[in-house]
Amino acid sequence: MGKVTATRTPLFFQSKLLCISVLYLFTTLFLAFYRSVSPTTCLFRSSPSDPIQSSLFYYPSSYGEHKYAITTHSHSCSSPVFFSDYGMVVGEIHNLCKNSSAFLPALRYLHGKADTFGGNFETQKRFSYFNYSNDEIKVPCGFLKEFPVSDSDRIAMESCNGVVVVSAIFNNHDKIRQPVGLGSQTLVDTCFFMFMDDITLQGLYEHKLIPQNSPDYKVGVWRIVKVFSEKPYENPAMNGVIPKYLVHRLFPNSKFSIWIDAKLQLMVDPLLLIHSLVVSKDADMAISKHPYYVHTMEEAMATARWKKWSDIDGLTQQMETYCKNGLLPWTTDKLPYSTDVPDSALILRKHGLGSNLFSCLLFNELEGFNPRDQLGFAFVRDKMNPKLKLNMFEVEVFEKIAVEYRHNLKKTGNVKAVSSGGGESKKTKRERSHGHLVLTDSSCQNYLLKMWGESHS
């Protein structure tokens, strides 16, 4: 009988611990290499088709568009917001934009001539439009004086019939920053418009970002719209409110819009944002919660304390007017509205009846009182009819999709950047007394008692 010889397992594989260690080593090396070459540094992305695109525009080093970032873009792979496949999103939004019935009924607007751009209606007259119960009603919504832009810009604005991204810089208050992460189809389906005044344009001339004598300007993805010197309002902040809240009138054929304050840089493709935060939520509008405040009165007190608006008498009158007409602090009774105070630096809209009506009504309040839009936000939202379908997303989402920078504080050549957030230069008596609201109306006293009771319950 012959011997049966058994094949021996190589010594290398006889040690389970050694095998596991080698496997772990090679896996770690592979993942480290993948992260080093991956544009997102993420191993698993929320969608395999998320747009990744290199920078579309390079600034001279003197411009400093990335200086003084307040927040940084989160590269965490665990995203607080889900984005669908880019190709699917492009197709769905394209089909929605072709289906005009999805944006009906259309709001009708008041036309005519007035002493101010918005008509500056009396308080009760403005409030009378809050109940939109008849499609024949014509709502005041600005443009009772001409908005002074060139004919070529106006034609370009009217030709934008899909998604529009809008921003504005007045008084050279911010830098112009390029969005990041745009998909290959986004520049075909999306318009980018930046409104500026002469002072801001002068800063771009000095950095040689645009030619001095060109009829049309473009910086990266942004088409620059020059607002002529005869601007609708003396206050730069109020001029900025026009493209911020009347975007549906400036771009009458657009179907969706994103307003982004110039202090922000968009870090996610706008089509993905519209789909994720508006379309998939069946919302008229999407806006971030405020990181600190829940009640309107908290924001009003902070506005006075930090002198974000210097007319303290005007602030007091505004709050007392709203209290008398039913403004209440936030409670769970207001759900699904999860707070009364937004961070309005980023606003996403579907241009339908709800969003358009809200924007018109709030604009009228801003002209009637002041351009601090967070103060009138909850009052208009709660009082308007039909109700606004609002997606108030978490602060973590905001920090994922945008990076915030400080406003310009230094001189640029002969141009001095000044804040557009202040009101009148003359100080009021109440401002001199430490900038505190003095609310004597009993309805505001009840508001405060209920607010403080909720805060301590």
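The values are calculated or read from the model by the stated rules, or taken from the named source; none is laboratory data. This one's a predicted model, so the numbers in the text were calculated from it and none came from an experiment. Because the Cβ atoms are built from the backbone with ideal geometry, glycine has one as well, and the counts that use them run over all protein chains shown. Surface accessibility is based on the protein's heavy atoms, side chains included, excluding ligands, DNA and RNA. Shrake-Rupley method; radii C 1.70, N 1.55, O 1.52, S 1.80 Å.
The single condition from (1) under 19 Å from the mean Cα position of the chain (by Cα); (2) at pLDDT 95 or above; (3) on the phi < 0 side of the Ramachandran plot that residue 253 fails is (1). When segment 134-147 is filtered for residues that are of a type outside the set (A, V, I, L, M, F, W, C), in a loop (DSSP other than H, G, I, E, B) and open to solvent by 10 Å² or more (accessible area, probe 1.4 Å), the ones remaining, listed by number, are 134, 135, 136, 145, 146. I'm checking my understanding of the structure. Among residues of segment 97-125 that are under 24 Å from residue 322 (Cα atoms) and of a type outside the set (Val, Ile, Thr), which one is surrounded by the most Cβ atoms within 10 Å (Cβ to Cβ)? Of everything passing the filter in segment 97-125, 118 is surrounded by the most Cβ atoms within 10 Å (Cβ to Cβ). Return the residues of segment 255-277 that are assigned to a helix (DSSP H, G or I) and either small (Gly, Ala, Ser) or in contact with a Phe, Trp or Tyr (Cβ under 7 Å, 6 or more places away or on another chain) (or both); say none if nothing qualifies. Scanning segment 255-277 gives 272, 274, 276, 277. Take the conditions under 27 Å from residue 104 (Cα atoms) and of a type outside the set (Ser, Thr, Tyr) and apply them to residue 164. Does it pass? It is true that residue 164 is under 27 Å from residue 104 (Cα atoms) and of a type outside the set (Ser, Thr, Tyr). When segment 389-414 is limited to residues that are surrounded by fewer than 19 Cβ atoms within 10 Å (Cβ to Cβ) and of a type in the set (A, V, I, L, M, F, W, C), the one that is modelled with the highest pLDDT turns out to be 395.
Residue pairs whose Cβ atoms lie under 8 Å apart, separated by 6 or more positions or on different chains, with the first residue in segment 433-455 and closer than 15 Å to residue 300 by Cβ and the second modelled with pLDDT under 85 and open to solvent by less than 80 Å² (accessible area, probe 1.4 Å), are 436/430; 437/430; 438/430.
Examine segment 186-198 for a residue that is open to solvent by less than 70 Å² (accessible area, probe 1.4 Å) and more than 30 Å from residue 70 (Cα to Cα), and state whether such a residue exists. Yes - at least one qualifying residue is present in segment 186-198.
Scanning segment 148-183 for residues that are part of a helix (DSSP H, G or I), more than 19 Å from residue 229 (Cβ to Cβ) and touching a residue at least 60 places away in the same chain (Cβ under 8 Å) yields a count of 3. Could you check segment 371-386 and list, in sequence order, the residues that are in contact with a strand residue (DSSP E or B) (Cβ under 9 Å, 6 or more places away or on another chain), in a helix (DSSP H, G or I) and open to solvent by less than 20 Å² (accessible area, probe 1.4 Å)? Those that are in contact with a strand residue (DSSP E or B) (Cβ under 9 Å, 6 or more places away or on another chain), in a helix (DSSP H, G or I) and open to solvent by less than 20 Å² (accessible area, probe 1.4 Å): 373, 377, 378, 381. With respect to being at pLDDT 95 or above and closer than 22 Å to residue 395 by Cα, residue 274 fits the description. What residue, among those in segment 264-299 that are touching a Lys or Arg at 6+ places or on another chain (Cβ under 6 Å) and open to solvent by 10 Å² or more (accessible area, probe 1.4 Å), is farthest from residue 317 (Cα to Cα)? The extreme case among them is 265. Scanning segment 306-347 for residues that are open to solvent by 50 Å² or more (accessible area, probe 1.4 Å) and among the charged types (D, E, K, R) returns 307, 308, 313, 324, 333.
Of everything listed in (1) under 15 Å from residue 400 (Cβ atoms); (2) under 14 Å from the mean Cα position of the chain (by Cα); (3) outside any strand (DSSP E or B), the single unmet condition for residue 291 is (2).
Being over 30 Å from residue 79 (Cα atoms), open to solvent by 30 Å² or more (accessible area, probe 1.4 Å) and at pLDDT below 90: is that true of residue 420 here? Against the criterion (over 30 Å from residue 79 (Cα atoms), open to solvent by 30 Å² or more (accessible area, probe 1.4 Å) and at pLDDT below 90), residue 420 does not qualify. On the stretch given as segment 219-235, residues that are assigned to a strand (DSSP E or B) and in contact with a strand residue (DSSP E or B) (Cβ under 7 Å, 6 or more places away or on another chain) total 5. In segment 193-218, what count of residues is obtained for those that are among the aliphatic types (A, V, I, L, M) and assigned to a strand (DSSP E or B)? The qualifying residues number 2. Can you confirm whether segment 126-133 contains a residue that is exposed (fewer than 14 other Cβ atoms within 10 Å of the Cβ) and at pLDDT below 95? Yes.
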